[in-house]
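Let me begin by presenting the structure, written as structure tokens, before commenting on it.
The values are calculated or read from the model by the stated rules, or taken from the named source; none is laboratory data. All values reported here derive from a predicted model rather than from experimental measurement. Every residue, glycine as well, gets a Cβ built from its backbone with ideal geometry; the counts of neighbours run over all protein chains shown. Ligands, DNA and RNA are stripped out before the accessible areas are found, and what is left, the full protein with its side chains, is counted by its heavy atoms. Shrake-Rupley method; radii C 1.70, N 1.55, O 1.52, S 1.80 Å.
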Amino acid sequence: MRAETLAIHAGNLYNISTQDVTPPINLSTTFLRNAEGGYSGGHMYSRVSNPNRSALENIISELEKGAEACALSSGNTAGMTVFQALKPGSHILAPDDMYWGFKKQLQTIFADTLEIDFIDMTDVEGIKKHIKTNTVMIWTETPSNPLLKITDIAAIAEISKANGLVLACDSTFASPCLQNPILLGADLVMHSSTKYIGGHSDVLGGILVTAEKNELWEKIRNIQQIGGAVPSPFDCFLLIRSIKTLAYRMRGHCENGMALALYLEKHPAVETVYYPGLPGHPGHETAKKQMSSFGGMLSILVKGDAEEARKVVNKVKLFAQATSLGGVESLIEHRASVEGPDTKTPQNLIRISVGLEHIDDLIDDFEQALA
Ligand SMILES: *Cc1c(COP(=O)(O)O)cnc(C)c1O
């Protein structure tokens, strides 16, 4: 089935005993044992599993064409769960343009336990020379944050497989509707479900999906169940509700993203537009090959310095000046000032999460802000 249908029917959500069309929120933390000591309802204690979380995991796993999914309390927890599952002393390759929070985790929390090289993942051949005897994983992120770099997942999967490594992909910017890394050879997919999957800026969540149930996945599941950084039943309910419209929201985000990118590209006050849908974007051909459309995230460099960029961010009216992305409302952010003094993000860069407002209103807003 296609994403639109799966989003509504995956996970077999109808409740047989009460005939609910929409599943209820199961707040019970514990579940009855039967006379034999087993659990006829399939759940024992809600940190280990509960009906809402299992449903969410099944839906996402189906959407991502995986074997199983694991829902966590935030995107950051999802990344951290993977890094925690690696043996101390392991070497991992991570992208130079990596989600800032993961870079921070690796450089602080895992500084003493993991060896990390941040490399250019768009240089596929160059990746090989960074592989060492203790390398266990290649972590990719595509499209990347905030430069919208595109990584060729299938090409890296070949290198990863040839060297016996795990290939993980942070696919947050794409959502499960625009690309399925497992079909391209990735072993693990990660999403911050706070973003497009949630889509309404009102729930935090993270998801991991595995291509196969193996030893690493068992460790990840253990960290979820015994570590306990799990989403609440209500969080899972909200995410399931959001997923039903995900495919249609993504169409709107992509349509508006493309139109705004084309408008900004021609504007004399704009130096560069980073959007993989533009033919001039260095990752455009790869994006065309591995994504069904180009998403709703773009970054621009305005002509001038940080001051100029902040002026624009303060002048737009419809774009809320806030961090995060993937919601129905458009957001805008001067990224370097969020990331702090040691950031490599250009000072004149503005990151835009294009929402679902009418595109003409969004363009009018930029027209007045850039004037
Ligand atoms: C937001 C984000 C994360 C972290 O997710 P949280 O839900 O905020 O913890 C990870 N990767 C990417 C690409 C993100 O945009």
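Summary table
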| read-out | value |
| --- | --- |
| Intensity falloff of region 44-143 expressed as log10 I(q)/I(0), Debye formula with alpha-carbon point scatterers, at q = 0.11, 0.17, 0.21 Å⁻¹ | -0.42, -0.89, -1.12 |
| Sorted peptide list for 68-78, 173-183, 242-252, 107-117, criterion being average Cβ within 10 angstrom, highest first | 173-183, 68-78, 242-252, 107-117 |
| Accessible area per residue, Å², region 29-125 with all protein chains present, probe 1.4 Å | 44 |
| Of LYS129/LYS213; LYS128/LYS266; LYS161/LYS288, those spanning more than 27 Å from alpha-carbon to alpha-carbon | LYS129/LYS213; LYS128/LYS266 |
| Cα gyration tensor category, rounded, prolate or oblate, for the chain with a/c compared to 1.5 | oblate |
| Rounded tilt (10° steps) of 306-315 against the dominant C-alpha axis of the chain | 70 |
| Per residue solvent-accessible surface (Å²) - region 248-370, probe of 1.4 Å | 44 |
| C-alpha center-to-center spacing [region 146-213, region 266-315] in angstrom | 22 |
| Highest-first arrangement of 214-220, 98-104, where packing means the average Cβ count within 10 Å | 98-104, 214-220 |
| Dipole moment magnitude, nearest 20 debye, region 3-241 about Cα centre, only Lys, Arg, Asp, Glu C-beta charged | 460 |
| Relative contact order [Cα under 8 Å, 6+ residues apart], region 171-295, whole percent | 26 |
| Phi to ³J(HN,Hα) by Karplus 6.51 cos²θ - 1.76 cosθ + 1.60 over region 147-161, Hz, x for Gly, Pro | 8, 6, 6, 10, 9, 7, 5, 5, 5, 6, 4, 4, 5, 4, 5 |
| 5 angstrom amide H check on GLU115, placed H, neighbours 5+ away | GLY89, SER90, HIS91, ILE92 |
| Share of carbon and sulfur in the accessible heavy-atom surface of the chain [1.4 Å probe, %] | 54 |
